[in-house]
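Novice: Sharing a structure, written as structure tokens. Questions coming.
Nothing in this text is a laboratory measurement; each read-out follows from the coordinates by a stated rule. Computed from a prediction, not measured in an experiment: that's the story for all the values here. For neighbour counting, all protein chains shown are included, and Cβ atoms are generated from backbone atoms with ideal geometry for every residue, glycine included.
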Amino acid sequence: VQLQASGGGLVQAGGSLNLSCSASGRTGAMYHLGWFRQAPGKEREVVSFVAWRGLSTYYAHSVKGRFATSRDNAKNTVYLQMNDLKPEDTAVYYCALSRVNDNWPPRESDVNYWGEGTLVTVSS
């Protein structure tokens, strides 16, 4: 399984970016897709997840109301629309695939596959 993310970049505070991540290979049918991020000097943290059927979403408190996630199962792709970006959103964002288990949202230890990170930089 490979995860290919795109959409990072440099934006001013208050601006928007849209990340996308496509999964390929033997993904199976039941998997959640989401995003973690890691800021300089900090631990990796979950940002958002969309459940395997697309009916449930999870957002970290710090991004709720500003970020929106969705998935297109026909394309095995997850999207993260990031609005009203703040300097504290600066981080490397990692796409994550987690096969369905009893945990929701998935924890870092539940992630089966990671994408290469994409850097998001928000200037003040």
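Novice: Please find the FRET efficiency linking A13 to S70, where r is the Cβ-Cβ separation and R0 is fixed at 25 Å, and quote it to the nearest 0.05.
Specialist: 0.55
Novice: Hey, rough spin-label estimate for S124 and A29, points 7 angstrom out along Cα→Cβ, what's it come to in nanometres?
Specialist: Each label point is offset 7 Å from its Cα along the Cβ direction, giving 5.1 nm.
Novice: Between the stretch 65-105 and the stretch 10-60, what is the C-alpha centre distance in whole Å?
Specialist: Distance between centres, Cα-based: 2 Å.
Novice: Put a dot 7 Å past each Cα toward the Cβ at V100 and Q81; how far apart are the dots in nm?
Specialist: Using points 7 Å along Cα→Cβ, the separation is 2.6 nm.
Novice: Counting pairwise Cα distances across the stretch 1-57, what percent come out greater than 15 angstrom?
Specialist: More than 15 Å apart: 64 percent of the Cα pairs in the stretch 1-57.
Novice: Hey, which aspartates and glutamates would be in cross-link range of K86, C-alpha to C-alpha under 17 Å, not counting anything within fewer than 8 residues on its own chain?
Specialist: E45
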